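Undergrad: The structure's right below; bear with me while I get my questions together.
The values are calculated or read from the model by the stated rules, or taken from the named source; none is laboratory data. A quick note: this is a predicted structure, and the numbers were derived from the prediction, not measured. Cβ: placed from backbone, ideal geometry, glycine included. Neighbour counts: every protein chain shown. Ligands, DNA and RNA are stripped out before the accessible areas are found, and what is left, the full protein with its side chains, is counted by its heavy atoms. Shrake-Rupley method; radii C 1.70, N 1.55, O 1.52, S 1.80 Å.
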Amino acid sequence: MKKLVLFLTIMFMTMSYGQEIKQIPQINVNGEGKVKIAPDQVCISATVETKGNNAKDVKKQNDEKMDAVLKFIKKMNIPTADFKTKQVALNPIYDYEKKKTTYNAAQTVEIVLKDLAKYDELMEGLVQQGINRLDNVSFESSKLAQYQSEARKLAIKDAKAKAEDYVSVLGQKVGKAYTISDNSQVYHPQPMYAAMRMKESADTAGAANETLAIGEIEILANVTVSFILD
C-alpha cells in the first residue's frame, strides 16, 4: 500500500512539473520610438563668485553683485516663479605654502527662460551684472511628458510591426503582449558655447547679433516586448 501511495505521489509530482515547465510560444522583439521637437525654454544655472582676504568683505561684494543680477532678471520681466537661488556658500581656503587663509563666496541662481528670443539679451546682461560662472545651460521642452508618451506608443507599434514581419513567413499570428520592458533614456543637448561666450558677451555688450542655434531635442523610447504566438 505504501509503495502504491509513493508511486502515485511521484506520478502526480512529475505531471505537475511537466505542466509547470510547459513553454508558451512567443517572440521577443525590441521597438524604438523617436520624436523630434524644438525646445521652447532654456534652463540656466549661473553663479556669482568672489574671492578675497576678508570673509565679511567677500560676502558683501558677492551679495551686492547678486543683488544687481536679481534686479536685472526682474527687469527682464521673468516671472518670480521662474528663477530661484539654488546655492549659497562662503568657504575659507587655506594656502599651506603661504600659510594664509583666503575666502571664497558663491551664490547660484537658476533661471527658466520661456521666451527664447530674450536669450542673448539675458546672457549678456547677467555677465554685465556680475555673473562670472555658468554651471549649466540646457534647452528643454515644457511638454516633455507628452512627447515621452508619444515616443513610448511609437516604440510599442514598432515592436509589434517587427514581430508581425518575423512571424508572417511562418504562417503564424502575433497575439497578446506577454511582457513589456521599458529601456528608455532621455537626453537633453548641452550647448558648450554658452560658457565660452561669457567674456565675448561682456566685451560686445549691446550687440544685436543672433547667436542662438538651439536645434532639436530627440526623445527616444526603447522597449522590449514578448508577444504570444497564435
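Undergrad: Does Asp120 satisfy being touching a residue at least 60 places away in the same chain (Cβ under 8 Å), out of contact with any strand residue (DSSP E or B) (no Cβ under 8 Å at 6 or more places or on another chain) and not small (Gly, Ala, Ser)?
TA: Criteria met by Asp120.
Undergrad: From the residues in the range 68-107 that are part of a strand (DSSP E or B) and β-branched (Val, Ile, Thr), which one is farthest from Asp40 (Cα to Cα)?
TA: Within the range 68-107, the first condition is being part of a strand (DSSP E or B), and the residues that meet it are 83-95, 100-107.
Those left that are additionally β-branched (Val, Ile, Thr): 85, 88, 93, 101-102.
On the way: Thr85: 23, Val88: 29, Ile93: 41, Thr101: 45, Thr102: 42 Å.
The extreme case among them is Thr101.
Undergrad: Which condition from (1) part of a strand (DSSP E or B); (2) within 30 Å of Asn53 (Cα to Cα) is the one that Ser138 breaks?
TA: (2)
Undergrad: May I ask you to list the residues in the range 68-113 that are over 17 Å from Arg133 (Cα atoms) and open to solvent by less than 30 Å² (accessible area, probe 1.4 Å)?
TA: Those that are over 17 Å from Arg133 (Cα atoms) and open to solvent by less than 30 Å² (accessible area, probe 1.4 Å): Met76, Ile78, Asp82, Leu113.
Undergrad: Just one of the numbered conditions (1) modelled with pLDDT under 95; (2) over 17 Å from Val42 (Cα atoms); (3) open to solvent by 40 Å² or more (accessible area, probe 1.4 Å) is not true of Asn136; which one?
TA: It is condition (2) that Asn136 fails.
Undergrad: So, one more: Please go through the range 24-58 and give me each residue that is at pLDDT 95 or above, within 29 Å of Ser181 (Cβ to Cβ) and open to solvent by less than 80 Å² (accessible area, probe 1.4 Å), ordered by number.
TA: The answer is Val29, Gly31, Gly33.
Undergrad: In this structure, is Glu110 outside any helix (DSSP H, G or I), in contact with a strand residue (DSSP E or B) (Cβ under 8 Å, 6 or more places away or on another chain) and not hydroxyl-bearing (Ser, Thr, Tyr)?
TA: Details: outside any helix (DSSP H, G or I): yes; in contact with a strand residue (DSSP E or B) (Cβ under 8 Å, 6 or more places away or on another chain): yes; not hydroxyl-bearing (Ser, Thr, Tyr): yes.
Taking the combined requirement at face value, the residue satisfies it.
Undergrad: Would it be correct to say that Gln172 is in a strand (DSSP E or B), touching a residue at least 40 places away in the same chain (Cβ under 8 Å) and over 22 Å from Gln41 (Cα atoms)?
TA: Values: in a strand (DSSP E or B): no; touching a residue at least 40 places away in the same chain (Cβ under 8 Å): yes; over 22 Å from Gln41 (Cα atoms): yes.
Here the answer is no, as Gln172 does not meet what is asked.
Undergrad: Just a yes or no: is a residue in the range 148-168 small (Gly, Ala, Ser), open to solvent by 50 Å² or more (accessible area, probe 1.4 Å) and more than 24 Å from the chain's Cα centre (by Cα)?
TA: Yes, the range 148-168 contains a residue that is small (Gly, Ala, Ser), open to solvent by 50 Å² or more (accessible area, probe 1.4 Å) and more than 24 Å from the chain's Cα centre (by Cα).
Undergrad: Answer yes or no: is there a residue in the range 185-195 that is open to solvent by 50 Å² or more (accessible area, probe 1.4 Å), modelled with pLDDT of 85 or more and part of a helix (DSSP H, G or I).
TA: no
Undergrad: Further, regarding this structure: Given the conditions (1) surrounded by 17 or more Cβ atoms within 10 Å (Cβ to Cβ); (2) among the hydrophobic types (A, V, I, L, M, F, W, C); (3) at pLDDT below 95, report the number of the one that Leu116 does not fulfil.
TA: (1)
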